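Have a look at the structure below, then the notes.
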Amino acid sequence: MNKIVLVGRLVKDCEPSVLPGTGTGKITFTVAVPRAYQKDKKNKKVDFIPVEMIGNHTTKLAQYMTKGKQVAIE
């Protein structure tokens, strides 16, 4: 099984919403993840990863996810 763990910072506050018909919470956000290996140390490269989380726990989680916070995603 393949597994990926991303550690980065939130680009902006997360956007909470609700799935229509089900009432299940959903948040979307973007994480800026710096590359671990870089040949050129002066120009650091960063990848912007869009993330979507679905579940009832997301409504409480949204209040803590603000711009600049460090997050780890598995």
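Using beta carbons and a limit of 9 Å, which pairs, at least six apart or on different chains, have the first residue in segment 29-40 and over 28 Å from Thr58 (Cα atoms) and the second one of a type outside the set (Gly, Ala, Ser)?
Matching pairs, first to second residue: Gln38/Lys44; Gln38/Lys45.
If I go through segment 1-28 residue by residue, how many of them are in contact (Cβ under 8 Å) with a residue 24 or more places away in the chain and under 15 Å from Ile73 (Cα atoms)? Before the answer, list the steps.
Taking segment 1-28 and keeping what is in contact (Cβ under 8 Å) with a residue 24 or more places away in the chain, we get 3-14, 16, 19, 24-28.
With the extra rule that they be under 15 Å from Ile73 (Cα atoms), the set shrinks to 3-11, 14, 27-28.
Number of matching residues: 12.
Being surrounded by 12 or more Cβ atoms within 10 Å (Cβ to Cβ) and either part of a loop (DSSP other than H, G, I, E, B) or not small (Gly, Ala, Ser) (or both): is that true of Met65 here? Walk me through how you get there before you give the answer.
Numbers: surrounded by 12 or more Cβ atoms within 10 Å (Cβ to Cβ): yes; either part of a loop (DSSP other than H, G, I, E, B) or not small (Gly, Ala, Ser) (or both): yes.
Against the criterion (surrounded by 12 or more Cβ atoms within 10 Å (Cβ to Cβ) and either part of a loop (DSSP other than H, G, I, E, B) or not small (Gly, Ala, Ser) (or both)), Met65 qualifies.
Surrounded by 11 or more Cβ atoms within 10 Å (Cβ to Cβ), of a type outside the set (Gly, Ala, Ser) and either part of a loop (DSSP other than H, G, I, E, B) or out of contact with any Leu (no Cβ under 7 Å at 6 or more places or on another chain) (or both): does that describe Thr22?
No.
For Asn43, which of the numbered conditions (1) polar (S, T, N, Q); (2) within 15 Å of the chain's Cα centre (by Cα); (3) open to solvent by 50 Å² or more (accessible area, probe 1.4 Å) fails to hold?
Every condition holds for Asn43 apart from (2).
The values are calculated or read from the model by the stated rules, or taken from the named source; none is laboratory data. Only a predicted model underlies this, so the values are computations on that prediction, with no experimental measurement involved. All Cβ positions, even for glycine, are placed from backbone atoms using ideal geometry, and neighbour counts span all protein chains on display. With ligands, DNA and RNA removed, areas are computed over all heavy atoms of the protein, side chains included. Shrake-Rupley method; radii C 1.70, N 1.55, O 1.52, S 1.80 Å.
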